[in-house]
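Novice: Quick one: the structure is below, and I'll ask about it shortly.
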Amino acid sequence: MQNRGEIIKQAVNKSGMSITHLSKSIGKSRKWVYDMFENESVSLDVILQVGEIIHHNFTTEIDDLYSLQKGTIATSLDNENNSNSVEYWKNKYLILLEEYNTFLKENNNLAAQQI
């Protein structure tokens, strides 16, 4: 299996975009971006989003995107949505953790304004 995170990391480094700028563009933390680089099975949605931000087409490097572009439904797409998969739950946890951290920051800002 391809290491999607490593492919994304190489493309980001080649683009010259800073991790800080990428994380702000995605709306995630820098830690989330570094965790994404370590994730072997980054979701296709995230890959497409990063590709749009850094102006990079991943279809030649990531087989599932090439298959998807050709109109073929790749079997690994079914695996990504499999709720029994460890990667599915790991990705779900990371998304919820980011949303929770954003919620805490917003509430801290509101509490500071009320003081």
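Novice: Students often check this: by mean Cβ neighbours within 10 Å, which of 55-64, 32-41 ranks highest, and how do the rest follow?
Specialist: Details: 55-64: 15.7, 32-41: 17.2.
Result, highest mean first: 32-41, 55-64.
Novice: Compute, for S85, the solvent-accessible surface of its heavy atoms (probe 1.4 Å) with the complete set of protein chains present, and express it in square angstrom to the nearest 10.
Specialist: My reading of the accessible area for S85 is about 30 Å².
Novice: Per residue of segment 35-51, in order, report the coupling 6.51 cos²θ - 1.76 cosθ + 1.60 (Karplus, θ = phi - 60°) as ³J(HN,Hα) in whole Hz, putting x for Gly and Pro.
Specialist: Result, rounded to whole Hz: 5, 4, 4, 8, 7, 6, 10, 4, 5, 5, 4, 5, 4, 5, 5, 5, x.
Novice: So between Q113 and K90, what do we pick up on full extension, going 0.36 nm a residue minus the alpha carbon distance? The partial results should precede the final answer.
Specialist: Working: separation 23, 0.36 × 23 = 8.28 nm, distance 3.50 nm.
Result: 4.8 nm gained on full extension.
The values are calculated or read from the model by the stated rules, or taken from the named source; none is laboratory data. Because the structure is predicted, anything quoted here is derived from the model rather than measured. Neighbour counts are summed over all protein chains in view; Cβ atoms, including those assigned to glycine, are modelled from backbone coordinates with ideal geometry. Protein only, heavy atoms only, side chains kept; ligands, DNA and RNA dropped before computing areas. Shrake-Rupley method; radii C 1.70, N 1.55, O 1.52, S 1.80 Å.
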